[in-house]
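These notes are about the structure you will find just below.
Here, each number is a calculation from the coordinates, and none is a lab measurement. None of the values given here were measured: they were computed from a predicted structure. Here Cβ is always computed from backbone atoms with ideal geometry, including for glycine, and neighbour counts include all displayed protein chains.
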Amino acid sequence: MLADKYYQFKKSLDEQGVMFTYSGVVSETILFGLGDTVKQKMHVDEADSTTIKRVFSVFVEQVQNIIRYSAEKASGERKDGREMCSGVISVGRNQGQFFVVGGNLVHNRDLPRLRNRLEHLRSLDKDELKAYYKQKLREDSEETSKGASIGLIEIARRAAGPIMFDFKVVNDNYTFFCLKAFV
Amino acid sequence: MDCFTRHGTERTPEIVFDFGRGIFSIRGESYPEDVATFYGPVMSSLKEFLSGNRTRSLTLEIELIYFNSSSAKVLMNLFLLLENAAGAENQITVNWYYQGDDETMREFGEEFSEDVRHINFHVLERNGAPPPQ
């Protein structure tokens, strides 16, 4: 049973072209280790250096967004006082295109703003994304966002097509938010 | 303080600020755990240098392999700080290096250069490692 269960789980991921999926508590150490693995694996697969950098960049922004904004936090605090956040991150390749998927819980009250922001990004073409990125870089960070808007624009800029996102309401307080970018 | 130095790590750049020669360099990777903690002292020492009351010139050498969006924000603040200080009395030059095959870093350099007027901002191709200082 044990082997069968995990074999099916792994097989399902393999069939989707997943290089790896990480689910659970995310830390900066995890970000560094997985990021390094992404670069090494893509190098072995003979991906060109520009694509490796783009995938790496989308990966870093996705994971740092989970670390900073996931509403799912481990109880208690680390020694340095920071909270530990949870989420899921997946990197893979489908029909020759690399993809990065990130998922985490968000508070329902933050949903309208996040959705507006993502829909706006989806509506912009490459030049408009560049102009928007430059505008946001010059602005002071929005008080509650810790710079997330720039991270999302960076993801949209490195993506090969429009970013994909989806929401699933979990309960009265939380929604699961998912963001996917092909590179 | 004659020199401000931070050794590079796998995710933070090497920083050398030579006050005497007016040469400031940032080289390597930049996606620190906490940009404010990492770049706070760098920005402070630069502000201190610029607030000195003698005529001076400053050259900023930037050669980054990768930087995340939080670091991009810091770089923009850095350029705006230099832009405000540049003028008749202060000659400020930025040399932004990118590896020949790295179009992302070339584009970033070009984009930053579009946003400044008073800084002499050069986007330069480099092949291989920088020459020893």
Inter-part gap, Cα centre of the stretch B:107-121 to Cα centre of the stretch A:47-73, in whole angstrom, is 26 Å
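Taking beta carbons within 10 Å but only from partner chains, what does the mean come to for residues A:49-61?
Neighbouring Cβ atoms belonging to other protein chains average 3 per residue here.
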Burial-style ranking of A:2-15, A:154-167, average other-beta-carbon count within 10 Å with highest first, yields A:154-167, A:2-15
Filtered hits (aspartates and glutamates, Cα-Cα < 19 Å from A:LYS126, offset >= 8 within chain) -> A:GLU61, A:GLU154, B:ASP102, B:GLU103, B:GLU107, B:GLU110, B:GLU111, B:GLU114, B:ASP115
Helix-only [θ] at 222 nm, chain B, -39500 (n - 2.57) per DSSP H run of 4+, per residue, nearest 500, equals -11000 deg cm²/dmol
Quick calc, the protein assembly as shown, dipole around Cα centre from Cβ unit charges on Lys, Arg (+) and Asp, Glu (-), nearest 20 debye, gives 560 debye
Averaged over the residues of B:67-80, the number of partner chain Cβ atoms within 10 Å of each residue's own Cβ comes to 5
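Quick test of the membrane-span-like rule: which DSSP H helices of chain A reach at least 27 Å along their long axis (C-alpha atoms) with mean Kyte hydropathy at least -0.5?
Details: long enough: A:49-69 (29 Å, 0.22).
Those that pass (Cα extent of 27 Å or more, hydropathy at least -0.5) are A:49-69.
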Averaged over residues of A:169-181, the number of beta carbons from other chains lying within 10 Å of each residue's Cβ is 0
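Only counting other Cβ atoms within 10 Å, I'd like B:ASP101, A:ASP127 sorted with the fewest neighbours first. Display every interim value, and only then the final one.
Values: B:ASP101 12, A:ASP127 8.
Listing B:ASP101, A:ASP127 from fewest to most nearby Cβ atoms yields A:ASP127, B:ASP101.
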Taking B:118-129, B:76-87 and ranking on average Cβ neighbours within 10 Å, highest first, one gets B:76-87, B:118-129
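Would you mind checking A:LYS53/A:LYS180; A:LYS134/B:LYS73; A:LYS180/B:LYS73; A:LYS130/B:LYS73 for any pair whose Cα atoms are more than 20 angstrom apart?
On the way: A:LYS53/A:LYS180 17 Å; A:LYS134/B:LYS73 10 Å; A:LYS180/B:LYS73 24 Å; A:LYS130/B:LYS73 14 Å.
Over 20 Å Cα-Cα: A:LYS180/B:LYS73.
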Of the residues A:ALA74, B:GLY22, B:GLY8, the Cα lying farthest along the dipole of the protein assembly as shown towards its positive end, which is defined by charges on the beta carbon of Lys, Arg, Asp and Glu, belongs to A:ALA74
